[in-house]
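**Student:** Got a structure for you, questions after.
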Amino acid sequence: MEDIIARIAEQRILEGIRKGDFKNLEGEGKPLNLEDLSQIPVEFRASYTILKNAGVLPEEMQLHKEIVSLQRMLDCCMKEDEKQSLKTRLSKLLLKYNIMMERRCRR
């Protein structure tokens, strides 16, 4: 069945090329922006693409971003009470991140 569909598609493409249907299209001659989604399970690819296009980061990436931000704040912090507060927040985020990554490795 797949061979039949592939052959029909190929015939239609060749017919379109012969008729000139693909000339003067927007983006002609420019490289395609193809993403490698092979590492993402098939059932998650559509939702991954939608979230990526919306600028939403995966939870572990968002956590990592927050961890880096807190580490930078901690490096610049002068007041001891603020440092302690930042260390506490950082510790909680690191724990959450490490648990998340450990679960992911077990799958």
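The values are calculated or read from the model by the stated rules, or taken from the named source; none is laboratory data. Since we're looking at a predicted model, the values are computed, not measured. With ideal geometry, Cβ positions are generated from the backbone for all residues, glycine too; neighbour counts draw on all protein chains shown.
**Student:** Checking R104 against (1) in contact (Cβ under 8 Å) with a residue 40 or more places away in the chain; (2) surrounded by 10 or more Cβ atoms within 10 Å (Cβ to Cβ); (3) of a type in the set (D, E, K, R), only one condition comes out false. Which one?
**Tutor:** Condition not satisfied by R104: (2).
**Student:** Restricting the first residue to region 1-29 and requiring it to be without any contact (Cβ under 8 Å) to a residue 60 or more places away in the chain and of a type in the set (A, V, I, L, M, F, W, C), which pairs with a second residue that is assigned to a helix (DSSP H, G or I) and surrounded by 10 or more Cβ atoms within 10 Å (Cβ to Cβ) meet a Cβ separation below 9 Å and a spacing of at least six or different chains?
**Tutor:** F22/I13; F22/G16
**Student:** Kindly indicate whether any position in region 76-94 is touching a helix residue (DSSP H, G or I) at 6+ places or on another chain (Cβ under 9 Å) and hydroxyl-bearing (S, T, Y).
**Tutor:** No, every residue in region 76-94 fails to be touching a helix residue (DSSP H, G or I) at 6+ places or on another chain (Cβ under 9 Å) and hydroxyl-bearing (S, T, Y).
**Student:** Got a number for residues in region 65-82 being surrounded by 14 or more Cβ atoms within 10 Å (Cβ to Cβ) and either farther than 20 Å from K96 by Cβ or charged (D, E, K, R) (or both)?
**Tutor:** Total meeting the criteria: 2.
**Student:** Given the criterion more than 11 Å from the chain's Cα centre (by Cα), surrounded by 10 or more Cβ atoms within 10 Å (Cβ to Cβ) and charged (D, E, K, R), identify the matching residue among R7, R45, R18.
**Tutor:** R7
**Student:** Out of everything in region 48-107 that is under 30 Å from E35 (Cα atoms) and outside any helix (DSSP H, G or I), what residue ends up being modelled with the highest pLDDT?
**Tutor:** Among residues in region 48-107 that are under 30 Å from E35 (Cα atoms) and outside any helix (DSSP H, G or I), the one modelled with the highest pLDDT is A54.
**Student:** State yes or no: is G16 assigned to a loop (DSSP other than H, G, I, E, B) and over 19 Å from R104 (Cβ atoms)?
**Tutor:** Criteria not met by G16.
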